[in-house]
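**Student:** Here it is: the structure, laid out below.
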Amino acid sequence: MKLFEKLALQLMEQISTGQYSVGAELPPEGQLQKDYEVSRTTVRKAIDRLVEKNMVVRKKGIGLFVAPTLSTQTILEMTGIIKPQAYSNHKKQIKEAYLRQAGCFYSQLLKIKSTELIYFIGFLEIATNNVTKTIFLLPLTNFPDFQLSIIKVLSALEIINSGKKKVDKLEQDLQLMVANAELSKQLRININAPFFKITNHYFDINNEPIALEYKFASNTKYVVDFT
């Protein structure tokens, strides 16, 4: 067995045993070279092997990440009657990320105590012709090992599915609203211009809430499927 194959097997085992969870960032190639005392070529061949096996995603200029077990297309299959007409990769710009208490409102939706901590993460998805604002509310108990870096490489459903509970059902609500001063600036639209607010409520197989997602989009095409 060649040296790069041995290194690839070691990294595969670390991923399989959960040392590196879904969406987790792997050490950069230079660090792996030092850690395992091998050449850069050996590291690159090992990573190439993991990429070929769909276990690692290499994002140019960002880093190496453990690949999700779900395809981004799964979002379309899991979504209720509201289905995006197209799904594409956008540039993601994180605007805020912090821990806060759930409070009365979110504690009821997530079925947790009002004093329990949740991650509040807001970011912009910037495409050629539109900007979408997304907010995630993730209970700390469900996502104890959450890493902010996965926001840049995983889809929404893949992020939610990276926690301790797995997604079995998604409830979605769509509202047509008008933009206030803050949202008009973020979405790059006029004040009082119309936009969609999409609420995604994720549940596990026992119908227990996992997380909440809010999306605010001014230029998103949807089709409604009643079948």
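**Student:** If we keep just the residues of the stretch 22-65 that are of a type in the set (Lys, Arg) and farther than 16 Å from Leu154 by Cβ, which is nearest to the chain's Cα centre (by Cα)?
**Tutor:** Applying the filter and picking the extreme gives Lys60.
**Student:** Where in the stretch 39-94 are there strands (runs of 3 or more DSSP E), lying fully within it, with 1 or more residues that are at pLDDT below 70 and of a type in the set (Val, Ile, Thr)?
**Tutor:** So the answer is 82-84.
**Student:** Related question: Quick one: how many residues across the stretch 86-97 are more than 14 Å from the chain's Cα centre (by Cα) and either of a type in the set (A, V, I, L, M) or open to solvent by less than 50 Å² (accessible area, probe 1.4 Å) (or both)?
**Tutor:** The total comes to 1.
**Student:** Quickly run through the stretch 111-151 and pick out the residues that are farther than 19 Å from Leu187 by Cα and charged (D, E, K, R).
**Tutor:** Lys111, Lys113, Glu116, Asp145
**Student:** For the subset of the stretch 165-188 comprising residues that are touching a Leu at 6+ places or on another chain (Cβ under 8 Å) and part of a loop (DSSP other than H, G, I, E, B), which member is most open to solvent (accessible area, probe 1.4 Å)?
**Tutor:** Val167
**Student:** So which residues in the stretch 98-139 are open to solvent by less than 30 Å² (accessible area, probe 1.4 Å), in contact (Cβ under 8 Å) with a residue 40 or more places away in the chain and in a helix (DSSP H, G or I)?
**Tutor:** Answer for the stretch 98-139, where residues must be open to solvent by less than 30 Å² (accessible area, probe 1.4 Å), in contact (Cβ under 8 Å) with a residue 40 or more places away in the chain and in a helix (DSSP H, G or I): just Leu110.
**Student:** Taking the condition aromatic (Phe, Trp, Tyr), open to solvent by 10 Å² or more (accessible area, probe 1.4 Å) and within 30 Å of Gly18 (Cβ to Cβ), does Phe146 pass?
**Tutor:** When the stated conditions are applied, Phe146 passes them.
Here's the yes/no breakdown for (1) among the aliphatic types (A, V, I, L, M); (2) open to solvent by less than 70 Å² (accessible area, probe 1.4 Å); (3) out of contact with any Cys (no Cβ under 9 Å at 6 or more places or on another chain):
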residue: Leu3; (1), (2), (3): yes, no, yes
residue: Gln10; (1), (2), (3): no, no, yes
residue: Glu13; (1), (2), (3): no, no, yes
residue: Thr17; (1), (2), (3): no, no, yes
residue: Ala24; (1), (2), (3): yes, yes, yes
residue: Gln31; (1), (2), (3): no, no, yes
residue: Ile47; (1), (2), (3): yes, yes, yes
residue: Asn54; (1), (2), (3): no, no, yes
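The values are calculated or read from the model by the stated rules, or taken from the named source; none is laboratory data. Worth saying up front: this structure is predicted, and the values here are computed from it rather than measured. Every residue, glycine among them, receives a Cβ derived from its backbone with ideal geometry; neighbour counts consider all protein chains shown. Surface areas here come from the heavy atoms of the whole protein model, side chains and all, with no ligands, DNA or RNA. Shrake-Rupley method; radii C 1.70, N 1.55, O 1.52, S 1.80 Å.
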